[in-house]
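Scroll down for the structure; my scribbles are underneath it.
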Amino acid sequence: MADVLYDKESDEAFRAYLSKGEIRLQCCSDCKGFRYPPRFACPHCLSRKWHWEKVSGEGVIETYLWYCQPVDPRFADVPYNVAVVRLAEGPAIYANITDAVLDDLKIGQPVWANIETRNGRPRLSFVRENPS
Amino acid sequence: MREQIWSKHDVAIVGVGTTRQGAHPGVSPYELALEAIEAALADAGIDDRTRIDGMITARQLDGSGIDPLDVSRLLGIAPRVTGYLDYGTGGFSNQYGAMLIATGVCDIVVCAFARNPPGALEAFSGAATYDADIGLVNAAAASAFGWTQHMARYGTDEATLGRVVVTARKFAAMNPIAAWQESLSLEEYLAQPYVIKPLRSLDIVKVTAGGVALIMARSDIARDLRKKPVYLHAVGRQQTPDIGEQDHFLCRGMRSAAAQVYGAAGMSPADIDVLLVSDASTVAIPLTLENYGFCEEGASANFIASGAIGPGGALPVNPHGGQLSEGYLVGWLHHAEMVRQLRGECGARQVPGAKVAQYTTTGRFREDYLSSIYVAD
């Protein structure tokens, strides 16, 4: 993501909710549109007024890929996937589907948000099996 | 359709120069740039290099590239305008040069790019981190996302990508400066392991070193130079948002660039004799064929399998072997090939009777699209 859009404070707030077990996205207080990743202005109406709104955590895989050989030494634990997950509330998000093994993903497959801790930081991933 | 400010014969490419492509250990990019610019000046028949009044260069996301003021000093000239584009892949920098000429700011503009990054011939290009939390790395990921979606929606397969590589190698065998000239079979391609599934190593461009220079001039100046001018008829360009839009990785922004460039040139895909696609990965070629209207949506697999894009085909694509085979100078080498094809200088790989050429490119993580149409004198 471009640095100018990266909003450290909001990103930390997003993660603070994750550590409390809540998935909240920025929601515009004027047009009610959701947005991700966090940024200070609404891309729909440019309003600077927003709040954190709970989301369902339900999404659908729009597309995906599998890293089968390390292309970056920091991510040598292959294979792993990255998917584009379209959330029920509208925004799309890049995420790992953590309960899938190679060739186990399909476009259009429903997935559910899952909060996990990696490297001491809470992060959002998704799973294929409905956890509830 | 908005009208382009310059008319079809206002801006010409009058000279091209290229260096060897591949690995050049210990050679500075400025040495490569100087070699390419000298070759381009000789090609154009410009003896007095102080006539150059514009110098446009580029830098890549990895910082490789050259500075326009340093290159000018190296050449011993002081142009009226120097400038560079961050992420100035070939077409974007050319559009900048064309605008300087079309608006009367400059008469003769050198557009040059050279680089010698580490890892030549070995490392995958496109090193970038899109999301460190989840390991979303390397620009080829955008192509992998796109082809996964294409296969699911249209029933296509990976053999289509393999045929793109096999075709590129057939052309490269006829290109003396190509870094990868060995022939390759579809079976050999399919036997390779995945890197970023559905992509294999052969689908992703490698880092290479080399230089290329193009000289652009106003048409009245162009007509007095050594070679026949090649005219830049039109440019179409479109930015798109990020994954907030649906089907981002199927490159729908290409359709807007297509409408612009064909509209401004008064042409359609049927008018194109040779197509130059900036092939950072194989996926760029089927998506370009579909989104620009060379074939129907989803039909690129059959189009490619028919042999249409290869030597002797109805629409030869990247007759220099593309950057998958010749060398990866981010679209700049495609322009050198385009000019040489339109002048009929390409020997064994010459597309017979090529008069109209089109270039297309996709930038960043599928956020920039550009296409230009060039026509022989």
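Read the figures in this text as sums done on the coordinates, not as results from a lab. Just so we're clear, the structure is a prediction, and the values are computed from it rather than from any experiment. No Cβ is skipped: glycine too gets one built from the backbone with ideal geometry, and neighbour counts run over all protein chains shown.
Structure notes:
- Rounded to the nearest 500, the 222 nm mean residue ellipticity of the protein assembly as shown from helices alone is -7500 deg cm²/dmol, with -39,500 (n - 2.57) taken per DSSP H run of at least 4 residues.
- Residues A:Ser56, B:Ser281, ranked from the fewest to the most other C-beta atoms within 10 Å, line up as A:Ser56, B:Ser281.
- Lone cysteines, the protein assembly as shown (no partner Cβ under 4.7 Å): A:Cys27, A:Cys68, B:Cys106, B:Cys111, B:Cys251, B:Cys295, B:Cys346
- Estimated translational diffusion coefficient (Stokes-Einstein, Kirkwood radius over Cα pairs, 20 °C, 1.002 mPa s) of segment B:136-235: 127 µm² per second.
- The equivalent ellipsoid of chain A has semi-axes of 26, 17, 15 Å, largest first, where each one is the square root of 5 times an eigenvalue of the Cα gyration tensor.
- Two-decimal log10 I(q)/I(0) for segment A:56-132, as the Debye equation yields it once each C-alpha is a single scatterer, q = 0.16 Å⁻¹: -0.57
- Beyond 18 Å, the tail of the calculated P(r) for segment B:198-322 holds 64 percent of the Cα pairs.
- Along principal axes, Cα extents of the protein assembly as shown, largest first, whole Å: 75, 51, 48
- Note on B:Ile108, B:Ile215: ascending count of other Cβ atoms within 10 Å places them as B:Ile108, B:Ile215, the fewest first.
- Coupling constants for segment B:207-214 follow from the phi torsions by the Karplus curve (6.51 cos²θ - 1.76 cosθ + 1.60, θ = phi - 60°), and in residue order they are 5, 9, 10, x, x, 8, 9, 10 Hz; glycine and proline get x.
- Nearest-ten-degree value, helix B:159-172 long axis tilted from longest Cα axis of chain B: 30 degrees
- Per residue, the convex hull spanned by the alpha carbons of segment B:171-213 comes to 101 Å³.
- Calculated FRET efficiency for the pair A:Arg48/B:Ala128, C-beta based, R₀ 30 Å, to 0.05: 0.50
- Against the empirical curve 2.2 N^0.38 Å, the C-alpha radius of gyration of chain B lands at a ratio of 0.92.
- Distance from segment A:3-67 to segment B:251-286 (C-alpha centre basis), Å: 35 Å
- Averaging Cα coordinates gives a centre for segment B:315-354 and one for segment B:56-108; these two points are 22 Å apart.
- Radius of gyration over Kirkwood radius for segment B:150-195, both on Cα atoms: the Rg/Rh ratio is 1.07.
- Taking θ as phi - 60° and the Karplus parameters 6.51, -1.76 and 1.60, the scalar couplings of segment B:97-103 work out to x, 5, 5, 5, 6, 5, 8 Hz in sequence order, x denoting glycine and proline.
- Listed residue pairs exceeding 30 Å between alpha carbons, taken from A:Lys49/B:Lys197; A:Lys54/B:Lys197; A:Lys20/A:Lys49; A:Lys54/A:Lys106; B:Lys170/B:Lys355; B:Lys170/B:Lys206: A:Lys49/B:Lys197; A:Lys54/B:Lys197
- Taking 0.692 mPa s as the viscosity and 37 °C as the temperature, the Stokes-Einstein diffusion coefficient of segment A:1-55 based on its alpha-carbon Kirkwood radius rounds to 291 µm²/s.
- The value of relative contact order for chain B, using C-alpha pairs under 8 Å at least six residues apart, is 24 percent.
- Calculated P(r) of segment B:1-138 - Cα pairs past 25 Å, %: 33 percent
- Largest GNM mean-square fluctuation across A:Asp30, A:Asp72, A:Asp99, computed for chain A with C-alpha springs under 10 Å, falls on A:Asp72.
- Put in line by how crowded their Cβ is, counting other Cβ atoms within 10 Å and starting with the fewest, B:Arg153, B:Arg252 read B:Arg153, B:Arg252.
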